[in-house]
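The values are calculated or read from the model by the stated rules, or taken from the named source; none is laboratory data. The model shown is predicted, which means the values in this text are computed figures rather than measured ones. Don't worry about glycine lacking a Cβ; one is built from the backbone with ideal geometry, like all the others, and counts go over all protein chains shown.
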Amino acid sequence: MVDAYLRQSPLAHLHLAARATTSNALPDAGVVLAEIPYLSQFVLRGNADNQAFTAGIKKALKLPLPISPCTSSVDKTGHSHILWMGPDEWLIVGPSDDQAHINSSISTAFRNQHFSLVNVSESRTLIRLSGTQAQNLLEKGCSIDLHPSAFSPGSVVNTHLSHAHITLHRLNSIQQPTYDLYVHRSFAEYLWSWLEDAAREYGLDNRSK
Amino acid sequence: MLLIPCPWCGERDEPEFHHGGEAHIKRPLEPDQSTDEEWAEYIFMRTNPKGVFLERWVHQSGCRRWFNLARNTATNEIIGAYKMGEKPPISTIANKQKTATVSNKKPKGVK
């Protein structure tokens with residue numbers, strides 16, 4: 001775990017929070033972008049066919065393990081997720097102060113079992129994309145079918161957005177579609193610049209905090 | 001561009017994948033006893049058919065899993081994907097080859 005005072009978002013040098021607009025400053029903007037840095041992220045590996053493993057995760061995190069490909073689960077607060085990354089691999093995401101809790105609750109639950117939990121909180125940052133034109137914006141650089149019938153709320157895919165590798169997660173939001181883009185830190189500036197440029201025609205609202 | 005059916009993620013664009021060469025290459029069971037010829041056969045020699053080819057792919061930018069694919073190297077037609085350790089879809093391949101031979105026949109009257 002990195003000491004809190006040393007943590008720096010890969011987009012820190014862009015001073016997004018200082019450039020952010022206040023709410024309702026740009027009511028016509030078709031795209032709303034926000035960086036959400038410092039999330040707790042863990043890669044979990046284990047055997048999905050093992051009942052003790054899946055039940056143990058559910059008990060430890062109060063979240064079911066998504067077994068079907070390209071799905072996710074979310075807790076009641078809406079802040080913690082488990083994303084399906086592969087048939088035996090998941091990404092656990094939680095608020096920034098959740099690292100110790102996630103680590104200890106899983107490690108305690110599976111003391112004598114075969115599993116792997118790796119803290120990857122520093123590897124990616126999160127860009128949250130919403131607005132009426134969010135889907136159109138993504139379709140400029142992503143080959144996934146994003147129509148709600150194919151990419152419903154809760155869906156998650158690993159794919160490319162304008163050649164950069166991203167994990168794309170559609171949130172369970174009742175209002176307009178909201179997408180979470182997890183991007184590796186060395187690609188974060190490139191992707192943010194690409195998003196800013198691609199969103200120009202729709203009007204861009206930056207709500208980074 | 002190929003549209004490749006990943007056994008887990010479904011159909012995705014080719015740039016998400018990497019090609020891993022011919023599938024079902026068996027490593028010599030007793031490496032200590034193998035001759036240079038047998039090693040060379042294992043390491044270097046590959047079939048290069050015009051037609052159905054069984055090959056390995058990895059879904060590098062997706063679920064990062066290796067799988068096998070049956071693809072026609074002449075037409076790029078993808079016959080099917082199957083997971084590592086599974087048997088190739090031989091009956092489907094045989095059917096495809098049959099139809100391919102029929103369609104290759106010259107129409108009547110053509111010399």
For region A:1-13 the number of residues that are in a loop (DSSP other than H, G, I, E, B) and farther than 18 Å from A:W194 by Cβ is 5
Within region B:1-50, can you find the residues that are under 15 Å from the mean Cα position of the chain (by Cα), over 16 Å from B:N72 (Cα atoms), within 14 Å of chain A (Cβ to nearest Cβ) and in a loop (DSSP other than H, G, I, E, B)? B:P7, B:F17
Of the residues in region A:188-207, those that are among the hydrophobic types (A, V, I, L, M, F, W, C) and assigned to a helix (DSSP H, G or I) come to A:A188, A:L191, A:W192, A:W194, A:L195, A:A198
Restricting region A:56-107 to residues that are acidic (D, E) and in contact with a Lys or Arg (Cβ under 9 Å, 6 or more places away or on another chain), the residue that is modelled with the lowest pLDDT: A:D75
Name the one entry in A:L91, A:L83, A:L65 that is under 19 Å from A:A150 (Cα atoms) and crowded, with 19+ Cβ neighbours inside 10 Å. A:L83
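Consider B:R64 carefully, then state whether it is assigned to a strand (DSSP E or B) and under 30 Å from A:A164 (Cα atoms). Talk me through it step by step, then tell me what you get.
Numbers: assigned to a strand (DSSP E or B): no; under 30 Å from A:A164 (Cα atoms): yes.
Criteria not met by B:R64.
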Hey, any hits in region A:14-35 for a residue that's closer than 30 Å to A:W194 by Cα, outside the structural domain of A:G154 (by TED's automatic domain parsing) and assigned to a loop (DSSP other than H, G, I, E, B)? no
Out of region B:6-18, which residues are surrounded by 14 or more Cβ atoms within 10 Å (Cβ to Cβ) and of a type outside the set (D, E, K, R)? B:C6, B:P7, B:W8, B:C9, B:G10, B:P15, B:F17
Among the numbered criteria (1) within 25 Å of A:P66 (Cα to Cα); (2) not in a strand (DSSP E or B); (3) not β-branched (V, I, T), which single criterion is violated by A:D180? (2)
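Which one is surrounded by the fewest Cβ atoms within 10 Å (Cβ to Cβ), of the residues in region B:52-75 that are among the aromatic types (F, W, Y) and away from chain A (no Cβ under 14 Å)? Before the answer, list the steps.
At the first step, the residues of region B:52-75 found to be among the aromatic types (F, W, Y) are B:53, B:57, B:66-67.
Now restrict to residues that are away from chain A (no Cβ under 14 Å): B:53, B:57.
Details: B:F53: 18, B:W57: 23.
Here the answer is B:F53.
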How about region A:172-209: which of its residues are surrounded by fewer than 18 Cβ atoms within 10 Å (Cβ to Cβ) and among the aliphatic types (A, V, I, L, M)? A:I174
Quick one: what pairs do we get from region A:166-177, first residue assigned to a strand (DSSP E or B), second acidic (D, E), C-beta under 9 Å, 6+ apart or different chains? A:T167/A:D180; A:L168/A:D180; A:H169/A:D180; A:R170/A:D180
